[in-house]
Ligand SMILES: Cc1ncc(C[n+]2csc(CCOP(=O)(O)OP(=O)(O)O)c2C)c(N)n1
Ligand SMILES: [Mg+2]
């Protein structure tokens, strides 16, 4: 059993993860900054407090299952994995580079610990529903976690999966929506509105918990509610900020799929309390 981090420790871990994200993106020269930074706090709570996982034992049969339906947030996914011990942190420095194994979207064949390849939006909730249903049929106690984007919810397949999850009473399933109100082309409400989102999920028979997705107390309380809720799946609507913690990235959809330049990275990392040189050294040595 891994040690669970408390709220203060989770805050420090999330800060380190944000430093990893900026550093990786800077060397890669491509990749997704905005959504990685908006779902960092939730991902950190999942990996370092909530989930029963053994990163050193990938076949651990009691493990909880996790899926990022937003496959583009690999800077976050790989940072969480490296920090949790799935692979060495120095791998992060070769993100999206030919010499490395960490591709722009998560590939099951190349990255140990990725259960299903992702990147095509709209599919991850279906995958999670299948995993949760299979676990129920096997009378397995594990829980299944999936992270979706708010723009991603415009995909029709999401709502077929939502209908199935409630039909099969998948209370072992917990979805999180990174509700940052932005997507690649601008405001979600301008592109294809999803409001009122809580009512939509309630109409599909889900248990809905709405929180500030950057507040660890609220995140942990929501995860606990989800765990204790019986008979229906839970969705946590996490109100978040695209680019959270980097002032010039916050709430700007232009950062959905762009990396910082070296100059921008220097500013971002200063805001996060480090430098590119120091943080690179830290990653290279571990
Ligand atoms: C099926 C599919 N269509 C389009 C894309 C291209 N795409 C990647 S991310 C994205 C925007 C998703 O918005 P959101 O879920 O809000 O993620 P965020 O921008 O907040 O990271 C789009 C359209 C894709 N990956 N898959
Ligand atoms: Mg979004």
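The values are calculated or read from the model by the stated rules, or taken from the named source; none is laboratory data. Just so you know, these numbers come straight off a predicted model, no measurement behind them. Cβ sites come from the backbone with ideal geometry, for glycine too, and all protein chains shown count toward neighbours.
Quick check on this structure: which one of 146, 116, 129 is part of a strand (DSSP E or B), modelled with pLDDT of 95 or more and touching a helix residue (DSSP H, G or I) at 6+ places or on another chain (Cβ under 7 Å)? Exactly one of 146, 116, 129 is part of a strand (DSSP E or B), modelled with pLDDT of 95 or more and touching a helix residue (DSSP H, G or I) at 6+ places or on another chain (Cβ under 7 Å), namely 146. With respect to the conditions (1) away from ligand 2 (no atom under 16 Å from the Cβ); (2) assigned to a loop (DSSP other than H, G, I, E, B); (3) in contact with a strand residue (DSSP E or B) (Cβ under 8 Å, 6 or more places away or on another chain), residue 205 lacks only one, and its number is (3). Would you please name the residue that is surrounded by the most Cβ atoms within 10 Å (Cβ to Cβ), looking only at residues in the range 56-82 that are touching a residue at least 24 places away in the same chain (Cβ under 8 Å) and more than 27 Å from residue 152 (Cα to Cα)? This residue is 58. Of the residues making up the range 5-17, those that are touching a helix residue (DSSP H, G or I) at 6+ places or on another chain (Cβ under 6 Å) and part of a helix (DSSP H, G or I) number 5. When 195, 214 are checked against the criterion of being within 16 Å of ligand 2 (Cβ to nearest atom) and without any contact (Cβ under 8 Å) to a residue 12 or more places away in the chain, 195 stands alone in meeting it. Considering the range 170-191, and only residues there that are touching a helix residue (DSSP H, G or I) at 6+ places or on another chain (Cβ under 8 Å) and farther than 18 Å from residue 257 by Cβ, the residue that is farthest from ligand 2 (Cβ to nearest atom) turns out to be 172.
Checking every residue in the range 151-159 against the condition of being away from ligand 2 (no atom under 16 Å from the Cβ) and crowded, with 24+ Cβ neighbours inside 10 Å gives zero matches. Restricting attention to the range 27-38, the residues being buried (at least 23 other Cβ atoms within 10 Å of the Cβ) and more than 13 Å from ligand 1 (Cβ to nearest atom) number 0. Taking the range 36-60 as the range and being within 16 Å of ligand 2 (Cβ to nearest atom) and out of contact with any strand residue (DSSP E or B) (no Cβ under 6 Å at 6 or more places or on another chain) as the test, the residues that pass are 36, 37, 40, 41, 43.
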